[in-house]
Amino acid sequence: MTKTLKLMVIPAILMAHTPDAMAWEPDVNKLINSSFHSKIKNFLQNDIVTASVENQNAEHANLDNEDILALDKDWRAETKATNQPFVSSLLNRPLSAYLTRIQAHENGLFSEIFIMDNKGLNVGQSAMSSDYWQGDEAKWQKTYSKEAGAIFVDEPEFNSGKKVWLAQYNVAVTNGKGQNIGAATFEVNLNELARQQGILKYEEVINE
């Protein structure tokens, strides 16, 4: 006798019960509630976040656009190489370790977390990303470049490989004076978030 887990949807949320994750479409405005905002805010208030971002801002103060593009090019090349000193140095930072712990302790809620400086360059991340510079993307442009603590939640997308809905929660990182110093991205597993909120549930099915 074997046991498997089947994804079920509470009737009040969906007309019919179905194990097909795509049949349920997330309402991001309801899922990303005040409790979730508070969770993210608490993560980012850790001193290791602000100190790491401010240190990199100082180190990168004189970088111009050409320098930034060169760094991004080097990163992209390393992601496909065997020897990865640039990538490894960033993944081994204390901030990256902190983000990795958050991801591990949240029971699948986050599939990726990374924090950027005031130029959109990664400061720390929970896993290797395809690029190093995010400054040309909405995740940075609609947070760091906006009002203090600005939040931008991207449209949810269904990941056919993982069979879950994902959405990027992007927020400006602020210092003790309430000034934006960088930005953070949390890729959220909306199915897991809905499960934690009681909207979706897992039902144990026994196969004879």
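The values are calculated or read from the model by the stated rules, or taken from the named source; none is laboratory data. Worth saying up front: this structure is predicted, and the values here are computed from it rather than measured. FYI the Cβ positions are ideal-geometry reconstructions off the backbone, even for glycines, and counts take in every protein chain you see.
Quick test for you: out of Asn191, Asn207, pick the one residue that is among the polar types (S, T, N, Q) and modelled with pLDDT of 95 or more. Before the answer, list the steps.
Working: Asn207 fails: modelled with pLDDT of 95 or more.
The match here is Asn191.
Any idea which of Ser130, Ser126 is under 24 Å from Gly108 (Cβ atoms) and without any contact (Cβ under 8 Å) to a residue 40 or more places away in the chain? Outline the logic, then answer.
On the way: Ser130 fails: without any contact (Cβ under 8 Å) to a residue 40 or more places away in the chain.
When all the criteria are applied, what remains is Ser126.
So that you can scan it fast, the table gives a plain yes or no per residue for (1) surrounded by fewer than 16 Cβ atoms within 10 Å (Cβ to Cβ); (2) closer than 18 Å to Thr100 by Cβ:
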residue	(1), (2)
Gly161	yes, no
Leu166	no, no
Val171	no, no
Gly176	yes, no
Ala183	no, no
Phe186	no, yes
Leu190	no, no
Leu193	no, no
Leu200	no, no
Quiz item: Among the numbered criteria (1) part of a helix (DSSP H, G or I); (2) small (Gly, Ala, Ser); (3) within 26 Å of Asp131 (Cα to Cα), which single criterion is violated by Ser35?
Solution: (3)
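To keep it simple, each residue is scored yes or no on (1) touching a strand residue (DSSP E or B) at 6+ places or on another chain (Cβ under 8 Å); (2) of a type in the set (Asp, Glu).
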| position | (1), (2) |
| --- | --- |
| Met116 | yes, no |
| Gln125 | yes, no |
| Trp133 | yes, no |
| Asp136 | no, yes |
| Pro156 | yes, no |
| Gly161 | no, no |
| Asn170 | yes, no |
| Gln197 | no, no |
Quiz item: Which condition does Ser96 not pass, out of (1) free of Cβ contacts under 8 Å to residues at least 40 places away in the same chain; (2) crowded, with 19+ Cβ neighbours inside 10 Å; (3) more than 16 Å from Ile48 (Cα to Cα), if it passes all the others?
Solution: (3)
